[in-house]
Amino acid sequence: MIVTVQVDGGFAFFPKLNAAKTVDTETLPTEEKKRIETLVKEARVWDISEVLSEPPRHPADVQTFVVTVRDGDRVHQVRAAEPVTDAALASLLDFLLKRSDE
Amino acid sequence: MMLKKVHSLCGIIPPYMLESISKAELANTEGRAAARRTLALTTVLQTKRRMDGARISRVMAVKDGSIPHKNRRIYTCNNSESYPGTLVRSEESDPNGDTAIDECYEGFGATFDFYKKILGRNSLDNTGMDLIGSVHYGKSYNNAFWNGSQMIFGDGDGIYFSRFTQALEVIGHELAHGVTSYTAGLEYQGQSGALNESMSDVFGSMVKQHHLRQKATDADWLIGKGIFTNQVQGVAFRSMKAPGTAYNDPHLGKDPQPAHMKEFIHTTEDNGGVHKNCSIPNRAFYLLATALGGYSWEKAGRIWYAVLRQPELVKNADFVLFAKLTCEMALKMYGETVRDAALAAWKAVGVIN
């Protein structure tokens, strides 16, 4: 499974912070691989709408998170503006973003 | 029938002052109109007060919203992602002791005062809108944003970013998004989105310069100064004076902002590069303000504000239209010399050939 996360928008644009971060779970240690796959499953990424939430009217500097999951031939993308109210998706985002910071 | 005795409640601004504002050449159209409305309302109310008592007058004045009044409400999200959160400081209350809460309160005050004293504007919507801010949003949250009705500020991760409330121009920037949404309503996409961002940088920077009583040539023209921790190789998020030079850091990358139209960034990211290309009109404003000398808000700021309220500034305006309108407004307000300076600024950034 290949998972990509990208943060779009925000008060300022920082090339490295705003770049897409990709992880191929097949290249990860077993524990981390399972963790990501479980978070993807719990977030029901394959089932939820492609646009989960749009920024509010007249927004500015609002961040939007884009998660793309590929598994074989299946690909699905989810967009969610902050605040991400779906707790499971928020957990997945939190894990992926913290991981990419390390 | 005996009338019940009521307590007298006086207006904040005396009628002679309202009359003066309503006729003043220096006051803008909205300011004069607001003063006239308030004066008319005051006259009506004085009569009504005699008849019905003062209590009614206060209710009507507050409802009309035309009398400038500062009403700040600061909340804490307690590091949750739910806002507005818990109310922790309201107008005229004592300092809270929490740095972010007090910075937000004071920053809102400095911004309100700038719009009121310099531009004759009564809060973001010009009818006395309450200023609402939520601090301590999220955990290690590296952002600040305007959600269409209030401001939200993060504490930063403490590694690369610290509190977003500590830069007054950032507070002024977020509140300016409110002003833009109540005036031109510039669409947050492409060049109109970059103009929207630039308006926030321009007014955010002027709020800071006004607070510090800095002349244009003495200002740093930086946006987000002091928010980076000492781990970051950079001075701020953006430089209006020298776009592309604010930071160059292994973790964040290099400041991508262009200083000239020939470097304009075409992208689908970031709503079409609104935080990248805003540097072009930003620099034009800096060039004009420093060329004119004195305080940036004396002429350059008033020109920008007048254009922001012009119906000709359509929601999907591009840089060329905005440049043209500012040059026309410069001529109308201050004559040929200032118009020529505006033209030179836009030529220097390549928007006008």
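May I ask you to verify whether B:PHE164 is under 17 Å from A:GLY10 (Cα atoms), in contact (Cβ under 8 Å) with a residue 24 or more places away in the chain and within 13 Å of chain A (Cβ to nearest Cβ)? First the steps, then the outcome.
On the way: under 17 Å from A:GLY10 (Cα atoms): yes; in contact (Cβ under 8 Å) with a residue 24 or more places away in the chain: yes; within 13 Å of chain A (Cβ to nearest Cβ): yes.
Judged against the criteria, B:PHE164 is a match.
Of all the strands (runs of 3 or more DSSP E) wholly in region B:75-146, which have at least 3 residues that are of a type outside the set (Phe, Trp, Tyr)? Steps first, answer last, please.
Details: elements: B:86-90, B:131-137, B:144-146.
Because the criterion is at least 3 residues that are of a type outside the set (Phe, Trp, Tyr), the strands (runs of 3 or more DSSP E) in region B:75-146 that meet it are B:86-90, B:131-137.
How many residues are open to solvent by 30 Å² or more (accessible area, probe 1.4 Å) and under 24 Å from B:ASN353 (Cα atoms) if we restrict to region B:257-306?
Matching residues across region B:257-306 total 15.
If I filter region B:248-256 for residues that are free of Cβ contacts under 8 Å to residues at least 12 places away in the same chain, farther than 21 Å from B:GLY178 by Cα and under 24 Å from the mean Cα position of the chain (by Cα), do I get at least one hit? Before you say what the answer is, go through the steps one by one.
To start, the set of residues in region B:248-256 that are free of Cβ contacts under 8 Å to residues at least 12 places away in the same chain comprises B:253-254.
Narrowing the set further to residues that are farther than 21 Å from B:GLY178 by Cα leaves B:253-254.
Pick out the ones that are also under 24 Å from the mean Cα position of the chain (by Cα) and you get none.
No, the conditions are met nowhere in region B:248-256.
For region A:79-89, does any single residue satisfy the condition of being within 11 Å of the chain's Cα centre (by Cα), open to solvent by 60 Å² or more (accessible area, probe 1.4 Å) and within 14 Å of chain B (Cβ to nearest Cβ)?
yes
Kindly provide the set of residues from region B:167-198 that are farther than 19 Å from B:ILE152 by Cβ and either at the interface with another protein chain (Cβ under 10 Å from one of its Cβ atoms) or of a type outside the set (Ser, Thr, Tyr) (or both), ordered by number. Even if it seems obvious, please write down each step before you answer.
Initial filter on region B:167-198 (farther than 19 Å from B:ILE152 by Cβ): B:183-187, B:189-195, B:198.
Matches in region B:167-198: B:ALA184, B:GLY185, B:LEU186, B:GLU187, B:GLN189, B:GLY190, B:GLN191, B:GLY193, B:ALA194, B:LEU195.
Looking at region B:139-152, which of the residues that are within 13 Å of A:GLY10 (Cβ to Cβ) and more than 8 Å from chain A (Cβ to nearest Cβ) is surrounded by the most Cβ atoms within 10 Å (Cβ to Cβ)?
B:ILE152
Just one of (1) more than 12 Å from chain B (Cβ to nearest Cβ); (2) under 28 Å from B:GLN150 (Cβ atoms); (3) surrounded by 18 or more Cβ atoms within 10 Å (Cβ to Cβ) trips up A:SER49, so point out which.
With (1) more than 12 Å from chain B (Cβ to nearest Cβ); (2) under 28 Å from B:GLN150 (Cβ atoms); (3) surrounded by 18 or more Cβ atoms within 10 Å (Cβ to Cβ) applied to A:SER49, the lone miss is (3).
Quick check on my filter: what residues within region B:235-280 are outside any loop (DSSP other than H, G, I, E, B), on the phi < 0 side of the Ramachandran plot and more than 9 Å from chain A (Cβ to nearest Cβ)? Write out each step before concluding.
First, the residues of region B:235-280 that are outside any loop (DSSP other than H, G, I, E, B): B:238-239, B:247-249, B:253-254, B:261-263, B:270-277, B:279-280.
After this cut, where a residue has to be on the phi < 0 side of the Ramachandran plot as well, the list is B:238-239, B:247-249, B:254, B:261-263, B:274-277, B:279-280.
Listed by number, the residues that qualify are B:SER239, B:ASN248, B:MET261, B:LYS262, B:GLU263, B:ASN277, B:SER279, B:ILE280.
With respect to B:ARG302, determine if the residue is under 18 Å from the mean Cα position of the chain (by Cα), over 25 Å from A:GLY9 (Cα atoms) and not hydrophobic (A, V, I, L, M, F, W, C).
Details: under 18 Å from the mean Cα position of the chain (by Cα): yes; over 25 Å from A:GLY9 (Cα atoms): yes; not hydrophobic (A, V, I, L, M, F, W, C): yes.
For B:ARG302, the condition - under 18 Å from the mean Cα position of the chain (by Cα), over 25 Å from A:GLY9 (Cα atoms) and not hydrophobic (A, V, I, L, M, F, W, C) - is met.
Report yes if A:THR38 is more than 11 Å from every other protein chain (Cβ to nearest Cβ), open to solvent by 30 Å² or more (accessible area, probe 1.4 Å) and out of contact with any strand residue (DSSP E or B) (no Cβ under 7 Å at 6 or more places or on another chain), otherwise no.
Details: more than 11 Å from every other protein chain (Cβ to nearest Cβ): yes; open to solvent by 30 Å² or more (accessible area, probe 1.4 Å): yes; out of contact with any strand residue (DSSP E or B) (no Cβ under 7 Å at 6 or more places or on another chain): yes.
Taking the combined requirement at face value, the residue satisfies it.
For region B:307-353, enumerate the residues that are part of a helix (DSSP H, G or I), closer than 22 Å to B:PHE264 by Cα and open to solvent by 20 Å² or more (accessible area, probe 1.4 Å).
Step one: of region B:307-353, the residues part of a helix (DSSP H, G or I) are B:307-308, B:319-334, B:336-348.
Cutting the leftovers down to closer than 22 Å to B:PHE264 by Cα gives us B:319-327, B:342-348.
Answer for region B:307-353, where residues must be part of a helix (DSSP H, G or I), closer than 22 Å to B:PHE264 by Cα and open to solvent by 20 Å² or more (accessible area, probe 1.4 Å): B:VAL320, B:LEU321, B:LYS324, B:LEU343, B:ALA344, B:LYS347, B:ALA348.
Would you check which residues across region A:2-35 are open to solvent by less than 30 Å² (accessible area, probe 1.4 Å), part of a loop (DSSP other than H, G, I, E, B) and either of a type in the set (Ser, Thr, Tyr) or more than 13 Å from chain B (Cβ to nearest Cβ) (or both) and list them?
A:LEU28 - this is the single residue of region A:2-35 that is open to solvent by less than 30 Å² (accessible area, probe 1.4 Å), part of a loop (DSSP other than H, G, I, E, B) and either of a type in the set (Ser, Thr, Tyr) or more than 13 Å from chain B (Cβ to nearest Cβ) (or both).
The values are calculated or read from the model by the stated rules, or taken from the named source; none is laboratory data. Note that the structure is a prediction, hence the values are computed from the model and not measured. So basically every Cβ, Gly included, is an ideal-geometry build from the backbone, and we count neighbours across all protein chains shown. Please note that ligands, DNA and RNA were not included when accessible areas were found on the heavy atoms of the full protein model with its side chains. Shrake-Rupley method; radii C 1.70, N 1.55, O 1.52, S 1.80 Å.
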